[in-house]
1. So in region 52-99, with the set limited to residues that are in a loop (DSSP other than H, G, I, E, B) and among the acidic types (Asp, Glu), which one is farthest from LEU123 (Cα to Cα)?
2. Would you point out which residue out of ASP74, ASP67, ASP94 is over 30 Å from ASN140 (Cβ atoms) and either modelled with pLDDT under 90 or among the charged types (D, E, K, R) (or both)?
3. May I ask you to list the residues in region 40-67 that are of a type in the set (Val, Ile, Thr) and closer than 18 Å to LYS6 by Cα?
4. Filter region 106-132 for residues that are surrounded by 14 or more Cβ atoms within 10 Å (Cβ to Cβ) and either among the charged types (D, E, K, R) or not in a helix (DSSP H, G or I) (or both) and give the result.
5. As an exercise: evaluate ALA25 against (1) touching a strand residue (DSSP E or B) at 6+ places or on another chain (Cβ under 7 Å); (2) at pLDDT below 90 and give the number of the one condition it does not meet.
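The values are calculated or read from the model by the stated rules, or taken from the named source; none is laboratory data. Just so we're clear, the structure is a prediction, and the values are computed from it rather than from any experiment. As a convention, Cβ positions derive from the backbone with ideal geometry for all residues, glycine included, and neighbour counts pool all protein chains shown.
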Amino acid sequence: MKIILKQLFSITGESKDFDYAIDAAELDGIKGCNFSSPVCIKGRIFNKAGVVYLKYAMTFSLSTVCDRCLKEMDIPYSFNCDHIVVPSVSGDNDEYIVADGESIELNEIAVTDLLLQLPTKTLCKEDCKGLCMVCGADLNEGDCEHQISES
């Protein structure tokens, strides 16, 4: 979703609300992420005292497997994001969203935020015991003969 910012940069108090979804099919190219729902994005971009702020919330679900026991699961996520948007910046920029020709592509910003906030390890539950290293039994369902003999 492209947002034109010309009015927002020039008029203090100006704002634009948005509420839309990025279809899961559009996100198929992201390796390691299997979206089981659209990414729903709802927020506002506004000029307050001459500074343009972008604030939004996103919700979505990922189909994934537990990193310890390989159980398949759908995990819902919800993130809040906020940025300051500037028309240009000199030097390196890690703090601001720079508008390209007085516009921003919100999908790119949201997907970047999403990927930065996802956990590096996904577990079915915090105390997941994983799989037996010998026979592959799911230790969450009970001990196996290998687990008992190693203790």
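1. Among those residues, the one meeting the criterion is ASP92.
2. The match here is ASP94.
3. Listed by number, the residues that qualify are ILE45, VAL51, VAL52.
4. Correct list: ASP113, LEU118, THR122, LEU123, CYS124, CYS128, LYS129, GLY130, LEU131, CYS132.
5. (1)
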